[in-house]
Amino acid sequence: MNFWMIIIWTLLSSLLSYLKVKYNYWDLQGVKQLKPHFLVGHLRKLRSINHRQILKEVYDEFRSKAKLAGFYIYTQPVAVILDLDLAKSVLVKDFNFFASRQWYKNEKDYLSQHLFNLEEVQWRLLRNKLAPAFTAEKLEFMLPSLQRVAENYVDAYGSAIEESESLNVHDLNGRFILDVFGSCLFGLECNSLKDPQQEEFHQMTSKILPSKDIGIKCHFFKATYFDLMKMFGLKKFPDDVESFFKRVVQKGFVEREKSGVVRNDFIDVLLLLKNFGEMNLEAEQLAAQFYGFFTASYETSAATMTYLLYELARHEDVQEKLRKHITESLKKHNKQVSYGALNDMKYLDQVITETLRMYPPFAYLQRLALEDYKVPGTDITIEKNTDVLIPIKAIHYDADIYENPKEFKPERFAPSEERKRHPQAFLSFGEGPRNCIAMRLAQLQMKCGLVSLLRKYQFSESAQTCKEIEFSDYSEALVPTKPIYLKVEKI
């Protein structure tokens, strides 16, 4: 055996030994794990950016056997929480151990420095400053702007059915959310419902949202080893996306400051931060918050409204019950779609919540262990810097929690039924201090849009309606990979 063969053999042996140790991490911790491939770990099982397949496999395999289990992204160990009491500890009781997220952050990519990504100290400070933008009082103040967009939404459906009764409802819903976002958060008139081809925001979504051009394994590498990206000066966001958000935010702030108009919206809160608050936000930081709320709300809200209409089209009895409930609720409020009227629509709340159970915006919640954490009632320690996932979709489809989980049954969320379940049995908006800050805005925009539609239109299946929704593998959110067509008729 010559010298180079010895070198190669030594390197290969060292690599195999290194991988053996790495892929036995969870076994050594006393935690059950999916059996990894000796060379690539679980890389072959990572078939989507949203992890829905591997999380389901882990949950189904170990749910009845352990409080948590593990798998690997490349060589990085990931803990999957299987027990709802432990989920409560991670999200609520022992939140201070898990106050950060293991998401892509890079100072060179300033759009990554938004609220959803920030680490504990910066997150706490910014969250406290932004929270006043989403109080019930502020949302009620925003409602007239939302209603104006809802009128355009109804008109857009009316124009579309003049050309075809089978409509791509996901496209229309996305344009509605885009216009709501611009009007209610930043006081901008997007008009994508009227003219999507000319609307700059609508065109920019194709550059912002995930693309199949970036492979799933490449995405995981960047997300897992983002310190290497920093080291080599690599960036995630294209320059034109960065410049677009920076330009839009600067323009909005300049116009608002010149006009002196107070709308009590998100831009007013940010202006207060910029001019008088404890935190000095530069243009790049402001653009990052704009970007963060855009990406968090656009895909998820549009998809949820689409899934809801899809289920109503397949369950016409539920649709008629909901329409009757809306009519009766409005009669109590002088037929006005007021903030109080929307809050009184309890069956609509149940329909939305059941939709979010079946189609959660994300397949999991993610947290990062900031310190070593001893799992209550066990000898297991989740070590510092471990990535921790709570599998929302798998929990929502657990037949021990939700009987016949594939059935659409809004009555599951009647108050008497909810009291029977664990508080962490429903996690679509997260839980604890780091839950969705814009949860009430998301619910309000969906309710306003749906009430406006269901008063005017009937939804049913068409020849183009899919039998089952397929989710995209290339998005962190659970969004449809194909257009969703429904038959839409005027009432």
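Numbers for the structure displayed
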{"read-out": "Helices (runs of 4 or more DSSP H) within region 334-400 that include 2 or more residues surrounded by 22 or more Cβ atoms within 10 Å (Cβ to Cβ)", "value": "346-358, 392-396"}
{"read-out": "Test: residue in region 456-467 that is over 23 Å from S166 (Cα atoms) and either more than 15 Å from the chain's Cα centre (by Cα) or not basic (K, R) (or both)", "value": "no"}
{"read-out": "Subset of region 437-464 (residues that are open to solvent by less than 40 Å² (accessible area, probe 1.4 Å), farther than 27 Å from K138 by Cβ and touching a helix residue (DSSP H, G or I) at 6+ places or on another chain (Cβ under 7 Å))", "value": "Y457, F459, S460"}
{"read-out": "Test: residue in region 209-221 that is of a type in the set (F, W, Y), farther than 25 Å from D268 by Cα, open to solvent by 50 Å² or more (accessible area, probe 1.4 Å) and at pLDDT below 85", "value": "yes"}
{"read-out": "Failed item, numbered, when W103 is tested on (1) outside any helix (DSSP H, G or I); (2) buried (at least 18 other Cβ atoms within 10 Å of the Cβ)", "value": "(2)"}
{"read-out": "Candidates R412, R434 - the one that is in a loop (DSSP other than H, G, I, E, B), within 23 Å of the chain's Cα centre (by Cα) and crowded, with 20+ Cβ neighbours inside 10 Å", "value": "R434"}
{"read-out": "Residue count for region 437-491, restricted to those that are farther than 14 Å from L309 by Cβ, in contact with a Lys or Arg (Cβ under 9 Å, 6 or more places away or on another chain) and assigned to a strand (DSSP E or B)", "value": "2"}
{"read-out": "Qualifying position, being open to solvent by less than 30 Å² (accessible area, probe 1.4 Å), among the polar types (S, T, N, Q) and under 22 Å from the mean Cα position of the chain (by Cα), among N128, N117", "value": "N117"}
{"read-out": "Some residue of region 448-468 being touching a strand residue (DSSP E or B) at 6+ places or on another chain (Cβ under 8 Å) and of a type in the set (D, E, K, R)", "value": "yes"}
{"read-out": "Region 77-96 residues that are open to solvent by less than 10 Å² (accessible area, probe 1.4 Å), paired with ones that are of a type in the set (K, R) and not in a helix (DSSP H, G or I) (beta carbon under 7 Å, 6 or more apart)", "value": "L82/R63; L82/K67; L86/K67; V90/R367"}
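The values are calculated or read from the model by the stated rules, or taken from the named source; none is laboratory data. What you see is a predicted model, and the numbers here were worked out from it, not measured in a lab. Quick reminder, even Gly has a Cβ in these numbers, built from the backbone with ideal geometry, and neighbours come from all protein chains shown. For the accessible areas, the whole protein counts, side chains as well, though only heavy atoms, and no ligand, DNA or RNA atoms are used. Shrake-Rupley method; radii C 1.70, N 1.55, O 1.52, S 1.80 Å.
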